[in-house]
Amino acid sequence: MKCKCLIRESIHLTADIYSLRIVSKEMAEQAKPGQFVSLYCGDHDNLLPRPISICEIGEDELRLVYRVVGKGTKEFSGLKAGDEIEVMGPLGNGFPVEGEAPILVGGGIGIPPMLELAKRFEGKATVVLGYRDADNFLLEDFEKVAKVYIATDDGSVGTHGTVVDAMKENVLTGDRVYSCGPTPMLRGIKAFGLENDIKTYISMEEKMACGIGACLACVCNSTEVDGHSKVKNKRICKDGPVFLSTDVEP
């Protein structure tokens, strides 16, 4: 669905990270962890919507946490409570909520979509978060619902290194792995799942155009021939962004 949504809250969290709460009871009722929405700019020179992952799902609202990286997201950062924004969603497929001892892994701006998933596991999940440095975000939110381990690029907090380094250092085991983050991280998570024989889901980040699977601008390599494109590709916006790790090549 596509509609004008009221902004309930817009907050600057840290550095270039912002939190936005948009009101839409219908979207909230339909949304699942791991899905995303597309936000449209008020500046009509920017025609394409910006895909933003869903961080939390409320009774009548969606919380979006995003990084300012260009003109579109810069415009969003200037929104305030009471403003309106055009939104399409929820889009894509989400994470299946399965397993009794899941490990949830988020890196960078792949951290926000893991929060709603962690809440759905009601204390059963172990969470591993990867940051650049000690300037973290959403950490307190995660600590309310799960045991959290941290990795930082500069070693200022937690494990010095990658999220996979943190998983190995803390000897983490589980029956499912769920992850979202940059491509090199997802490759490491896929390898970790294969090495430890754990069913692994990855949510892939990619620049998108239409957001609904029509333009084929956000394809990734798949292990099977896609029924739409007739080649070994998957559309991240439509077939994903969540995939079983063994079905795609991040």
Complete set of residues in the stretch 121-136 that are surrounded by fewer than 20 Cβ atoms within 10 Å (Cβ to Cβ), more than 21 Å from Gly174 (Cβ to Cβ) and either in contact with a Cys (Cβ under 8 Å, 6 or more places away or on another chain) or not charged (D, E, K, R) (or both):
Ala134
Cys55 is checked against (1) outside the structural domain of Lys147 (by TED's automatic domain parsing); (2) without any contact (Cβ under 8 Å) to a residue 60 or more places away in the chain; (3) surrounded by 21 or more Cβ atoms within 10 Å (Cβ to Cβ); (4) touching a helix residue (DSSP H, G or I) at 6+ places or on another chain (Cβ under 7 Å) and fails just one. What number does that condition carry?
(2)
Within the stretch 71-81, is even one residue of a type in the set (Gly, Ala, Ser) and in contact with a Cys (Cβ under 8 Å, 6 or more places away or on another chain)?
yes
Tally of residues being closer than 14 Å to Ser179 by Cβ and at pLDDT below 70 across the stretch 234-250
1
For Glu116, work out the one condition from (1) modelled with pLDDT of 95 or more; (2) farther than 24 Å from Thr173 by Cβ; (3) charged (D, E, K, R) it doesn't fulfil.
(2)
Against the definition (over 13 Å from Ile103 (Cα atoms), touching a residue at least 24 places away in the same chain (Cβ under 8 Å), touching a helix residue (DSSP H, G or I) at 6+ places or on another chain (Cβ under 9 Å) and of a type in the set (A, V, I, L, M)), how does Met114 come out, yes or no?
no
Filter the stretch 47-77 down to the residues that are in contact with a Phe, Trp or Tyr (Cβ under 8 Å, 6 or more places away or on another chain) and in a loop (DSSP other than H, G, I, E, B), then identify the one that is farthest from Gln35 (Cα to Cα).
Val68
Looking at (1) surrounded by 14 or more Cβ atoms within 10 Å (Cβ to Cβ); (2) farther than 23 Å from Leu62 by Cβ, which one does Asp197 not meet, given that it meets all the others?
(1)
If we scan the stretch 145-161, do we find a residue that is under 19 Å from Ile103 (Cα atoms), touching a helix residue (DSSP H, G or I) at 6+ places or on another chain (Cβ under 6 Å) and among the aromatic types (Phe, Trp, Tyr)?
yes
Which one of Lys80, Lys74, Lys119, Lys32 is more than 23 Å from Pro184 (Cα to Cα) and assigned by TED's automatic domain parsing to the domain that holds Lys144?
Lys119
Go through the stretch 41-70 and report how many residues are of a type outside the set (Asp, Glu) and closer than 23 Å to Gly107 by Cα.
16
Out of (1) surrounded by fewer than 21 Cβ atoms within 10 Å (Cβ to Cβ); (2) at pLDDT below 95; (3) within 18 Å of the chain's Cα centre (by Cα), what's the single condition that is false for Gly227?
(3)
In the stretch 100-127, residue nearest to the chain's Cα centre (by Cα) [restricted to those that are in a loop (DSSP other than H, G, I, E, B) and farther than 20 Å from Ala31 by Cα]
Ala125
Listed residues Ile7, Ile11; which is touching a residue at least 12 places away in the same chain (Cβ under 8 Å) and either within 26 Å of Phe121 (Cα to Cα) or outside the structural domain of Leu115 (by TED's automatic domain parsing) (or both)?
Ile7
Quick one: in the stretch 78-95, which of the residues that are outside any strand (DSSP E or B) and buried (at least 17 other Cβ atoms within 10 Å of the Cβ) is farthest from the chain's Cα centre (by Cα)?
Leu79
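The values are calculated or read from the model by the stated rules, or taken from the named source; none is laboratory data. The shown structure was predicted, so the numbers you read here are calculated from the model rather than taken from an experiment. Ideal geometry is used to build each Cβ from the backbone, glycine not excepted, and the neighbour counts take in all protein chains shown.
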